[in-house]
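Undergrad: Got a structure here, written out as structure tokens. Questions coming.
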């Protein structure tokens with residue numbers, strides 16, 4: 001390789017890197033612009049929903065359902081449970097549209113998360129309590145739980161916290177950890193029942 005070839009390669013490499021940086025910056029700029037347009041479109045739909053326009057609700061649903069369902073499916077599994085979560089989330093959006101401040105999508109995804117975490121306390125527990133198990137079997141099953149799992153279940157049974165945040169305060173932990181403890185404890189009780 002000649003000595004003159006090395007500076008040319010360096011120049012080409014620098015030019016290629018500069019071109020790649022410009023292309024990357026352009027893509028980032030295009031993505032930011034796309035998000036701004038989407039946010040504006042969703043905000044317009046939200047305003048129409050607040051006025052009771054069902055067509056706007058359908059458009060917002062079509063624009064956001066894949067993300068809402070994806071989040072719900074990650075948290076509660078695909079299928080009926082995820083569909084129930086997003087149905088409740090969109091119903092809440094319809095009911096509260098006039099009171100939603102800020103971007104719609106973060107509000108909706110936060111609602112999906114809250115609803116996905118909540119079923120461990122609101123749906124599974126009554127099902128579990130409705131099962132007729134001998135008192136000794138229930139006592140034995142509870143003894144096989146960890147102390148923290150028993151505390152989570154007891155907090156729900158005795159204190160009736162409204163959501164995972166209230167449960168977390170009672171257990172002095174994070175909402176995600178409280179929900180996980182409750183879900184794991186209920187699962188172990190269900191396994192013992194079989």
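To keep it simple, each residue is scored yes or no on (1) part of a loop (DSSP other than H, G, I, E, B); (2) at pLDDT below 75; (3) closer than 21 Å to residue 85 by Cα; (4) in contact with a strand residue (DSSP E or B) (Cβ under 6 Å, 6 or more places away or on another chain).
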site	(1), (2), (3), (4)
133	yes, yes, no, no
152	no, no, no, no
178	no, no, yes, no
192	no, yes, no, no
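Undergrad: Those residues that are in a loop (DSSP other than H, G, I, E, B) and within 13 Å of the chain's Cα centre (by Cα), I need them from the stretch 79-90; list them, please. Break it down stepwise before answering.
TA: The first filter runs over the stretch 79-90 and keeps only residues in a loop (DSSP other than H, G, I, E, B), leaving 79.
Within the stretch 79-90, none qualify.
Undergrad: Here is a further query. Among the residues of the stretch 111-122, which ones are part of a helix (DSSP H, G or I) and either surrounded by 15 or more Cβ atoms within 10 Å (Cβ to Cβ) or modelled with pLDDT of 85 or more (or both)?
TA: Within the stretch 111-122, 111, 112, 113, 114, 115, 116, 117, 119, 120, 121 qualify.
Undergrad: What about residue 108, is it outside the structural domain of residue 39 (by TED's automatic domain parsing), within 26 Å of residue 78 (Cβ to Cβ), in contact with a helix residue (DSSP H, G or I) (Cβ under 9 Å, 6 or more places away or on another chain) and modelled with pLDDT of 70 or more?
TA: Details: outside the structural domain of residue 39 (by TED's automatic domain parsing): no; within 26 Å of residue 78 (Cβ to Cβ): yes; in contact with a helix residue (DSSP H, G or I) (Cβ under 9 Å, 6 or more places away or on another chain): yes; modelled with pLDDT of 70 or more: yes.
Spelling it out, it is not the case that residue 108 is outside the structural domain of residue 39 (by TED's automatic domain parsing), within 26 Å of residue 78 (Cβ to Cβ), in contact with a helix residue (DSSP H, G or I) (Cβ under 9 Å, 6 or more places away or on another chain) and modelled with pLDDT of 70 or more.
Undergrad: Of all residues in the stretch 68-98, which are modelled with pLDDT under 90 and loosely packed, with under 14 Cβ neighbours inside 10 Å?
TA: 74, 77, 78, 79, 80, listed by residue number.
Undergrad: Hey, another quick one. Go through the stretch 164-185 and report how many residues are more than 15 Å from residue 145 (Cβ to Cβ) and buried (at least 18 other Cβ atoms within 10 Å of the Cβ).
TA: Taking the stretch 164-185 and keeping what is more than 15 Å from residue 145 (Cβ to Cβ), we get 164-170, 172-177, 179.
Those left that are additionally buried (at least 18 other Cβ atoms within 10 Å of the Cβ): 164, 167-168, 175, 179.
Qualifying residue count, the stretch 164-185: 5.
Undergrad: Within the stretch 62-71, can one find any residue that is more than 16 Å from the chain's Cα centre (by Cα) and over 15 Å from residue 114 (Cα atoms)? Don't jump to the end; show me each part of the working.
TA: The initial filter retains those residues of the stretch 62-71 that are more than 16 Å from the chain's Cα centre (by Cα), namely 62-63.
Adding the requirement that they be over 15 Å from residue 114 (Cα atoms) leaves 62-63.
Yes; the residues of the stretch 62-71 include at least one that is more than 16 Å from the chain's Cα centre (by Cα) and over 15 Å from residue 114 (Cα atoms).
The values are calculated or read from the model by the stated rules, or taken from the named source; none is laboratory data. Keep in mind it's a predicted model, so treat the numbers as computed, not measured. Note that we place each Cβ from the backbone using ideal geometry, even for glycine, and neighbour counts take in every protein chain shown.
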